[in-house]
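Colleague: Before anything else, here's the structure in question.
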Amino acid sequence: MQRRKFIKRSLQGGVALSLGATIIACTESSKKETVMTGTHSPIAICTWGFTKANEVAGIALKNGDNALEAAIKGVAVEEENLKNTTVGKGGAPDREGNVTLDACVMNSNGDAGSVVCVENITNVAALARIVMEKTPHVMLAGDGAEELAYKHGFQKENLLTENSEKAYREWLKTSEYKPIINIENHDTIGMLCMDHNGDIAGACTTSGLSYKMKGRVGDSPIIGSGLFIDNEIGGAAATGMGEEIMKTVGSFLIVELMRQGKTPQQACEEAVRRVVDKNPNHKNFQVAYIAMDKKGNTGSYSIHPGFAMMEYKEEINTRKESKAALDS
Ligand code: ASP
């Protein structure tokens with residue numbers, strides 16, 4: 001039997017078995033009855049130490065959200081966090097003082113949606129989902145994406161907060177463009193979720209590099225670079241220097257390495273190694289990955305120490321420090 005068919009049949013068998021064990025749950029917030037048909041214990045992982053965001057996704061999964069819904073709810077926490085200067089509202093602007101956001105989502109059917117260079121909208125991962133579900137396209141840029149947002153009820157917001165404007169004015173005094181290695185500059189949130197049915201989906205959202213050139217788009221909204229999901233194999237997400245992640249199509253590479261039999265940890269390490277080996281300049285930037293396979297195994301790895309992944313498993317949300325290529 002062809003492998004693809006075999007996997008599909010096995011999954012169908014699993015679903016049939018699990019239907020016998022249908023769980024009825026009551027979500028805390030809405031008190032609405034949710035029917036969960038699967039038996040998998042939900043898992044959420046995300047880049048960096050975003051405790052709250054990962055917990056929100058984990059609890060959403062526990063309460064019966066599917067993997068995509070949970071990932072979008074989770075990353076929205078950081079999109080709305082004014083203190084996060086690399087995601088959503090409060091994100092650092094480009095060199096002209098404009099905050100422009102990038103995001104993408106992928107569901108467990110392999111559908112994808114993405115928005116790039118969007119101004120005035122905070123929840124761009126949710127907007128990427130609209131592109132995926134309500135348009136014939138995968139990616140929308142700038143004004144087109146913004147217009148679509150208003151048509152679907154998104155609010156127009158000024159994303160430049162008082163603090164980010166102040167920091168920008170300060171930056172203008174030297175206008176020195178020098179990416180900082182860790183979370184001070186890279187706090188993009190990439191999130192991977194596995195729901196009760198064992199289906200995997202993900203979201204990635206960012207304001208990109210601080211004081212980037214006008215029009216610059218990084219890896220985060222690029223399917224295969226900032227995020228990739230293949231529900232038969234697993235998923236991966238990236239943070240760090242987008243230009244380097246794009247050149248090696250990092251998230252796609254990790255999923256393909258897992259397809260060839262590598263664990264999520266080994267696949268993340270290999271993807272970082274590709275960047276390091278090709279780039280004598282690698283000590284001057286950070287690249288970090290997280291990954292999850294179909295069995296719920298997870299992994300993470302980065303060039304520089306200082307990267308961490310959040311992991312919600314068996315209803316416990318844990319911060320996991322990553323190993324790094326430059327660990328001494
Ligand atoms: N990867 C993001 C980008 O290049 C930045 C980051 O992770 O901080 O746009």
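The values are calculated or read from the model by the stated rules, or taken from the named source; none is laboratory data. Because the structure is a prediction, the values reported are computed rather than measured. Neighbour counts are summed over all protein chains in view; Cβ atoms, including those assigned to glycine, are modelled from backbone coordinates with ideal geometry. Areas reflect the complete protein model, heavy atoms only, side chains present, ligands, DNA and RNA absent. Shrake-Rupley method; radii C 1.70, N 1.55, O 1.52, S 1.80 Å.
Colleague: For region 283-297: of the residues being within 15 Å of the ligand (Cβ to nearest atom) and assigned to a loop (DSSP other than H, G, I, E, B), which is nearest to the chain's Cα centre (by Cα)?
Modeller: Per the criteria, the residue is GLN286.
Colleague: Can you confirm whether region 167-188 contains a residue that is surrounded by 14 or more Cβ atoms within 10 Å (Cβ to Cβ) and under 16 Å from ILE222 (Cα atoms)?
Modeller: Taking every residue of region 167-188 in turn, at least one turns out to be surrounded by 14 or more Cβ atoms within 10 Å (Cβ to Cβ) and under 16 Å from ILE222 (Cα atoms).
Colleague: Applying the selection to region 298-321, what residues are within 17 Å of the chain's Cα centre (by Cα) and either closer than 19 Å to ILE229 by Cα or part of a loop (DSSP other than H, G, I, E, B) (or both)?
Modeller: THR298, GLY299, SER300, TYR301, PHE307, MET309, MET310, GLU311, TYR312, listed by residue number.
Colleague: Oh, and also: How many of the residues in region 249-263 are of a type outside the set (A, V, I, L, M, F, W, C) and open to solvent by less than 30 Å² (accessible area, probe 1.4 Å)?
Modeller: So the count comes out to 2.
Colleague: Also: I need the full set of residues from region 206-248 which are surrounded by 19 or more Cβ atoms within 10 Å (Cβ to Cβ), assigned to a loop (DSSP other than H, G, I, E, B) and more than 9 Å from the ligand (Cβ to nearest atom), in order please.
Modeller: TYR211, ILE222, GLY224, ASN231, ILE233, THR248
So that you can scan it fast, the table gives a plain yes or no per residue for (1) within 13 Å of LEU326 (Cα to Cα); (2) aromatic (Phe, Trp, Tyr):
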site	(1), (2)
MET246	no, no
PHE252	no, yes
VAL255	no, no
GLU270	no, no
VAL287	yes, no
ILE290	no, no
ASN297	no, no
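Colleague: Of all residues in region 37-54, which are within 16 Å of the ligand (Cβ to nearest atom) and in a loop (DSSP other than H, G, I, E, B)?
Modeller: Selection gives TRP48, GLY49, PHE50.
Colleague: I'm told GLN266 meets every condition in (1) outside any loop (DSSP other than H, G, I, E, B); (2) at pLDDT below 95 except one. Can you identify the failing condition by its number?
Modeller: Only one criterion in (1) outside any loop (DSSP other than H, G, I, E, B); (2) at pLDDT below 95 is unmet by GLN266, namely (2).
Colleague: Does region 261-269 contain at least one residue that is of a type in the set (D, E, K, R) and free of Cβ contacts under 8 Å to residues at least 24 places away in the same chain?
Modeller: Scanning region 261-269 turns up at least one residue that is of a type in the set (D, E, K, R) and free of Cβ contacts under 8 Å to residues at least 24 places away in the same chain.
Colleague: Hey, among ALA76, ALA60, ALA92, ALA70, which residue is outside any loop (DSSP other than H, G, I, E, B), within 18 Å of THR188 (Cβ to Cβ) and hydrophobic (A, V, I, L, M, F, W, C)?
Modeller: So the residue among ALA76, ALA60, ALA92, ALA70 that is outside any loop (DSSP other than H, G, I, E, B), within 18 Å of THR188 (Cβ to Cβ) and hydrophobic (A, V, I, L, M, F, W, C) is ALA76.
Colleague: Of the conditions (1) open to solvent by 30 Å² or more (accessible area, probe 1.4 Å); (2) within 14 Å of the ligand (Cβ to nearest atom), PRO280 clears all except one; give me its number.
Modeller: (2)
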